[in-house]
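Below: the structure, in structure tokens.
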Amino acid sequence: MQKADNLKEYRDELRESLDNDFLRTTLDNFAVAYRAGRANAFKDMDVRGLIDEIACSKDEATANLDALYREFKEKAEAAGVHVHLAKDAQAANDIIAAIARKSNCQKIVKSKSMTAEETLLNHALEDEGLEVTETDLGEWIIQLRHEGPSHMVMPAIHLSRYQVGDLFTEVTGKKQDSEIEKLVKVARRELRQKYVEADMGITGANFAVAETGSIGLVTNEGNARLVTTLPRVHVALMGLDKLLPTLHDALRILKALPRNATGQAITSYVTWITGANECASAPDGKKEIHFVMLDNGRSELAKDPLFSQVLRCVRCGACANVCPVYRLVGGHKMGHIYIGAIGLILTYFFHGKHAAKNLIQNCINCEACKDICAGGIDLPRLIKEIHARIQDEDGHPLPSILLGKVLKNRKLFHTLLRTAKWAQKPVAEKDGFIRHLPMVFAKEHGFRALPTIAETPFRDRWEEIRPVVDNPKYRVALFSGCVQDFVYPEQMEAAVKLFGAESVEMSYPMNQSCCGLPVQMMGEMKASREVCVQNLRAFEAGGYDYVITLCASCAAHLKHNYPKLVMDTPSLALKAQEFADKIIDYSSFVHDVLKVKAEDFVQTGGKATYHAPCHLCRGLDVHAAPRELISTGGLEYVECNEEEVCCGFGGTFSMKFPELSAELLKKKLANVEATGAEVLLTDCPGCIMQLRGGLKTRGSSVKVRHVSEVLADNRRK
Amino acid sequence: MTTGTDYCQTFVDKAKAVSAIVTEVKSDDEALKYVIDLCDRKEVCQLLVSGCERDLSDKAEKLCDLKQKKVIAAPGLKKPLYDKLAEMSAKAGFECIDSGMRDHLAGVDIGFTYAEYGLAETGTLMLDCPGEDMRLATMVSEFHVCVLPKSKIRKDSYAVEKMMLTRMGKTPDYLAFITGPSRTADIERVLALGVHGPLELHILLMED
């Protein structure tokens, strides 16, 4: 659980995690193994279709939460179960403590429940003098260490066998070695007697099925079966979001949950409990069962048009499994109680602004979580929205306001960029990098060299280089984005050269500005919307077949976020959708639309590898096009390990969390160098800035280029 | 309707993939013989239940001491079949029980059951166990041996949804999907079998 008061303290906490070699190695291995395991588990299945179905069914359940609760309660009570509604965490804990008192329970065994973590149930029960023992191995370990979970499914993933061995030595009073198999056996016997002694069992629930009044529990160890069988009282604590209309809805989620969580087709045990079942230790031979349904803000959330999708979460933990930031710092720093991308969001709603305000900024916006979410939740967007909300309530930090103000005024912004060209003169090197970092960047930014502003921006060169195309095949508009306009205009020029030769007629609307993603990343939603409207106006002359951009981040932002930014204004919404439909990235346009052929390119045959920008591979779901273009364009494509993992740029993220950005870059570049390629190609100027800067600092000879540059160079005249 | 055997091979592959031991048997008698042989082979030299060979806290050790003899628990069996098993167990020197599982919480050697359905997609056994002896026999046994008639294999969970709803309708009910032995990967993500429940799951596929 991160406890930082401000961003500076939070960064100090993050640095501690970065120095934890065991954690880093464990999470690296896990990230790689998870991807393979999940892919294997979903082999031959329509994953997208399944996720869409889950999203639909969960949305429907969310919309009918009250009715579902009434039906569930009625069915469960008819079967002899007591059903309670708790409005918040305190109320839930009080209800459970009262049950323990009334039924005279002293010893409690518990199986894993994130909801019980949410309410800090164990602390509340212990304060009542009750003995609570977690029986899930990982949960037991962290309970004994007085820690919170560092992963929603593998709560003790941050600990080594040696730490567990020492802990068990303490617990048993006998020396334990660190062999995992033996430690598991020790837990088996130590916990067995806890079940025998316990008079109350507490579980969570993965599903609450309204049509039957049943709960479903998904576990691997089987502890939940013992917890729900041996003690005479059973309490199941679950959020209202666990309610589902039918058993079929639960079985559907069960098809995705274990596969997405751990790459298992199903867990060892799935337990379906309906009614007060047989229990030999209960006075009347029937178990006393209580279902405690926790609201804690869920019914409010259910009414929110944007945030209600949060309740689709099935707690598989996959958003942490694929998060490059989680992989670096672990769950104690990438969450409060709930962990990973969903954790950043739930922290705000369940544990408040104070717990969320630093965490919420720690998203690099790579969209890996959105891509993998079992409920199809747009996690990165919700994270940005919460960031914006907190800033609106607490005040915006100065740099964020300034950037917002500047970007809203295109002329001012471009004037500043032009001025920067003169200002950088004293520190600019001839090789296109800045010699010394300006004072505004502290030393932690030294992991990569920064580029200089170009001599002449693309917009000033346009009239001069604009080709005359007779009988055009396509009429397109170019969206340059700021980086290619002012830093790397040569990438745009390379595209213009190829397009001209391929009979594509081009326009470059001069009123276009920054796409607005950087301000949105900083939580400046108002500025983001204004920039969006300016750009929509700049392109409205229209009649273009496509709007092409060479920047993956701009492309994904224009395509997916523009319609959302103006959806409240019907006249603009239509325009934004038309605009979005025309957006295409460079590689897709050249590969899928122009369909260029290898015979048009000199086959130079050098080894080239590829970095897949997050916003191209996940944002636009483009995978094959750029890689095939590398071969078509005359180079030999060599696959790079973890090609679709973020380079660590993340726009303003790398300014805010330079330490994390540096680590992600280090990993990326090590993978690139291992390919033996001379050239690294990619489709995003932001990535290029990051990758070139890193390679320059490392003194590497690998050249980074935009795919457009290679194609322009190799095209036969 | 597609017959159970069409999914048989998928079931076997999926069950084996999660460490279940799958064997074909021709009859109930052959299944009983399998149980007795397995119990006999099991830890020839020691009676100890799994984990009791470790250095434990005094309380945990005390529970270990309760187990003195090899035990087979078969609470859900039809009377004639159970009688046969009890007789065979007595001959082999094992204790055989069909109730009173709470007196054996230290552990039993074998839990012997019949599954209602098998789910091919995941190699899963479906066992309805409203009675607690059945639940305990499948949890505190070191080896769980479960007979699955081939005709009871279905494609996936959707295919048994109606049957599940029927059972859930007769409240109270306690229904289980069991797939492979009890497992954990909570320490360093290293897979370990038998953390709370059975160390081994033996599935006896029966021709019928």
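The values are calculated or read from the model by the stated rules, or taken from the named source; none is laboratory data. Nothing here was measured: the structure is a model prediction, and the numbers come from that model. Cβ sites come from the backbone with ideal geometry, for glycine too, and all protein chains shown count toward neighbours.
Test A:R225 against the stated conditions and say whether it is of a type in the set (D, E, K, R), in contact with a strand residue (DSSP E or B) (Cβ under 9 Å, 6 or more places away or on another chain) and facing chain B (nearest Cβ under 9 Å). It is true that A:R225 is of a type in the set (D, E, K, R), in contact with a strand residue (DSSP E or B) (Cβ under 9 Å, 6 or more places away or on another chain) and facing chain B (nearest Cβ under 9 Å). Here the condition is being in contact with a strand residue (DSSP E or B) (Cβ under 6 Å, 6 or more places away or on another chain), aliphatic (A, V, I, L, M), on the phi < 0 side of the Ramachandran plot and part of a helix (DSSP H, G or I); of A:I630, A:I584, it holds for A:I630 alone. Taking first residues from segment A:234-258 that are within 9 Å of chain B (Cβ to nearest Cβ) and closer than 22 Å to A:I372 by Cβ and partners that are surrounded by fewer than 23 Cβ atoms within 10 Å (Cβ to Cβ) and among the acidic types (D, E), the Cβ contacts under 7 Å between residues at least 6 apart in sequence or on separate chains come to A:L251/B:E161; A:R252/A:E53. Can you confirm whether B:V145 is crowded, with 23+ Cβ neighbours inside 10 Å, away from every other protein chain (no Cβ under 11 Å), of a type in the set (V, I, T) and in contact with a strand residue (DSSP E or B) (Cβ under 8 Å, 6 or more places away or on another chain)? Yes, satisfied. Here A:A156 clears all of (1) at the interface with chain B (Cβ under 10 Å from one of its Cβ atoms); (2) surrounded by fewer than 19 Cβ atoms within 10 Å (Cβ to Cβ); (3) touching a Pro at 6+ places or on another chain (Cβ under 9 Å) except the condition numbered (2). Considering segment A:159-177, the residues that are assigned to a loop (DSSP other than H, G, I, E, B), closer than 15 Å to B:V190 by Cβ and not aliphatic (A, V, I, L, M) include one that is farthest from the other protein chains (Cβ to nearest Cβ), namely A:D177. Which members of segment B:145-196 meet the condition of being assigned to a loop (DSSP other than H, G, I, E, B) and among the acidic types (D, E)? Result: B:D156, B:D186, B:E188.
Of the residues making up segment B:57-97, those that are in a loop (DSSP other than H, G, I, E, B) and within 14 Å of chain A (Cβ to nearest Cβ) are B:S57, B:L66, B:K67, B:P75, B:G76.
State yes or no: is A:G275 at the interface with chain B (Cβ under 9 Å from one of its Cβ atoms), of a type outside the set (S, T, N, Q), within 20 Å of B:C129 (Cα to Cα) and out of contact with any helix residue (DSSP H, G or I) (no Cβ under 7 Å at 6 or more places or on another chain)? In short, yes.
Mind checking whether some residue in segment A:207-225 is assigned to a loop (DSSP other than H, G, I, E, B), surrounded by fewer than 22 Cβ atoms within 10 Å (Cβ to Cβ) and in contact (Cβ under 8 Å) with a residue 24 or more places away in the chain? Yes; the residues of segment A:207-225 include at least one that is assigned to a loop (DSSP other than H, G, I, E, B), surrounded by fewer than 22 Cβ atoms within 10 Å (Cβ to Cβ) and in contact (Cβ under 8 Å) with a residue 24 or more places away in the chain.
Taking the listed residues A:E639, A:E599, A:E663, the one that is of a type in the set (D, E) and in a loop (DSSP other than H, G, I, E, B) is A:E639, with no other qualifying.
Considering only residues in segment B:95-124 that are of a type in the set (A, V, I, L, M) and out of contact with any Ser or Thr (no Cβ under 7 Å at 6 or more places or on another chain), the one that is nearest to B:P149 (Cα to Cα) turns out to be B:A115. Selection of first residues in segment B:10-30 that are modelled with pLDDT under 95 and of second residues that are assigned to a helix (DSSP H, G or I) and not aliphatic (A, V, I, L, M), restricted to Cβ pairs under 7 Å at least 6 apart or on distinct chains, gives an empty result. In segment A:54-73 there is no residue matching the filter, namely being surrounded by fewer than 15 Cβ atoms within 10 Å (Cβ to Cβ), charged (D, E, K, R), more than 13 Å from chain B (Cβ to nearest Cβ) and in contact with a Gly (Cβ under 9 Å, 6 or more places away or on another chain).
Condition first: of a type in the set (D, E, K, R), buried (at least 24 other Cβ atoms within 10 Å of the Cβ) and in a loop (DSSP other than H, G, I, E, B). Can you find one or more residues in segment A:101-116 that meet it? Checking segment A:101-116: at least one residue is of a type in the set (D, E, K, R), buried (at least 24 other Cβ atoms within 10 Å of the Cβ) and in a loop (DSSP other than H, G, I, E, B). Is there a residue in segment A:35-49 that is crowded, with 19+ Cβ neighbours inside 10 Å, within 12 Å of another protein chain (Cβ to nearest Cβ), under 27 Å from the mean Cα position of the chain (by Cα) and among the aliphatic types (A, V, I, L, M)? There is at least one residue in segment A:35-49 that is crowded, with 19+ Cβ neighbours inside 10 Å, within 12 Å of another protein chain (Cβ to nearest Cβ), under 27 Å from the mean Cα position of the chain (by Cα) and among the aliphatic types (A, V, I, L, M). Would it be correct to say that B:D37 is surrounded by fewer than 21 Cβ atoms within 10 Å (Cβ to Cβ), within 14 Å of chain A (Cβ to nearest Cβ) and not in a loop (DSSP other than H, G, I, E, B)? No.
Checking the stated criteria, A:N296 turns out to be assigned to a loop (DSSP other than H, G, I, E, B), in contact with a Lys or Arg (Cβ under 8 Å, 6 or more places away or on another chain), at pLDDT 95 or above and more than 7 Å from chain B (Cβ to nearest Cβ). Inspect all residues belonging to segment A:346-367 and state whether any of them is assigned to a loop (DSSP other than H, G, I, E, B) and charged (D, E, K, R). Yes, segment A:346-367 contains at least one residue that is assigned to a loop (DSSP other than H, G, I, E, B) and charged (D, E, K, R).
Scanning segment A:506-553 for residues that are of a type in the set (S, T, Y) and in a helix (DSSP H, G or I) yields A:S528, A:S553.
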